[in-house]
Amino acid sequence: MLEAALMEGIDPAAFVRIDRPLRNISVSLSFGEDRSFVSYSDPGGPLLVDSVRRLRPRVVMWQGLERYDAVEQIVDVAREVGAVLFVDPQSSTHSLASPRIRELLGRIDVFAPNEREAILLTGDDDIDRAEGSLVQSTRLVVLKPGSCGAVAADLDGRLAVPAIPVQAIETTGAGDCFNAGFVMAWVESEDIVGCLQAGNAAGGLSTLAPSSEGIPVRSAVDLARAAFG
């Protein structure tokens, strides 16, 4: 893992070496247009809060809303170091009906659910209503409806960018790759359209091979953006 990261030019400053086995297992259950995961992690892994304080990044990315207390800690430390907080909710049993969840979403800078996650979280019966509910609850909503592309919306309006044309083999990890592409462009000070384009390119390319084999390198994302915008 370390060798692969160094080959890609990734700064290993945030890596933590652990002197014991630490199991972190996810099984993907893929069914045509959708998929789910069963995951297990040993307790006692490295704390992201400590890394954020030490490294003071410009953007903090967090996956999942289930562990509410952990999300709250990440929100606090991101504010402490002046970082933008990007949150992907993943599958969650939480609802906007909870005042605690509404308060939490109001402190997130970029909230990036897929279509199913947005509908489950809001309780709305279609993605347009879900988008409207989320816009009222968080600063910037980035919706990922898969092959339709991506949408960014806030109280000032919305922008939609179509997906790149691909013949998808498997979609596992496409949302994660979208997030990486979006944040890459954000860190490089592109506008929201550019961030959506980078996210769409990274997410689309990731579907061209099974599982993590499809994760694209930077040069492939740049080529896809040049070809399809």
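Checking each residue in the range 61-104 for being crowded, with 18+ Cβ neighbours inside 10 Å and assigned to a strand (DSSP E or B) picks out Met61, Trp62, Val84, Leu85, Phe86, Val87, Asp88. The residue of the range 24-52 that is modelled with the highest pLDDT, among those that are part of a loop (DSSP other than H, G, I, E, B) and within 30 Å of Val81 (Cα to Cα), is Asp42. Between Val16, Val49, the distinction of being surrounded by 10 or more Cβ atoms within 10 Å (Cβ to Cβ), more than 29 Å from Pro145 (Cβ to Cβ), under 21 Å from the mean Cα position of the chain (by Cα) and not charged (D, E, K, R) belongs to Val49 only. Of Val142, Val161, all but one fail to be touching a Leu at 6+ places or on another chain (Cβ under 9 Å), among the β-branched types (Val, Ile, Thr) and within 29 Å of Arg100 (Cα to Cα); the exception is Val142. Go through the range 115-145 and give me each residue that's open to solvent by 40 Å² or more (accessible area, probe 1.4 Å) and either touching a residue at least 60 places away in the same chain (Cβ under 8 Å) or of a type in the set (Lys, Arg) (or both). Of everything in the range 115-145, those that are open to solvent by 40 Å² or more (accessible area, probe 1.4 Å) and either touching a residue at least 60 places away in the same chain (Cβ under 8 Å) or of a type in the set (Lys, Arg) (or both) turn out to be Arg116, Arg129, Arg139. Of all residues in the range 155-174, at least one satisfies being among the acidic types (Asp, Glu), without any contact (Cβ under 8 Å) to a residue 60 or more places away in the chain, out of contact with any strand residue (DSSP E or B) (no Cβ under 6 Å at 6 or more places or on another chain) and open to solvent by 40 Å² or more (accessible area, probe 1.4 Å).
The residues listed here are Ser211, Ser98, Ser206, Ser147; of these, the one that is over 26 Å from Ser28 (Cα atoms) and of a type in the set (Ser, Thr, Tyr) is Ser98.
The values are calculated or read from the model by the stated rules, or taken from the named source; none is laboratory data. Small disclaimer: the values here were computed from a predicted structure and weren't measured. Note: ideal-geometry Cβ built from the backbone for every residue, glycine included; neighbour counts use all protein chains shown. To get the accessible areas, we keep the full protein, side chains included, count just its heavy atoms, and leave off ligands, DNA and RNA. Shrake-Rupley method; radii C 1.70, N 1.55, O 1.52, S 1.80 Å.
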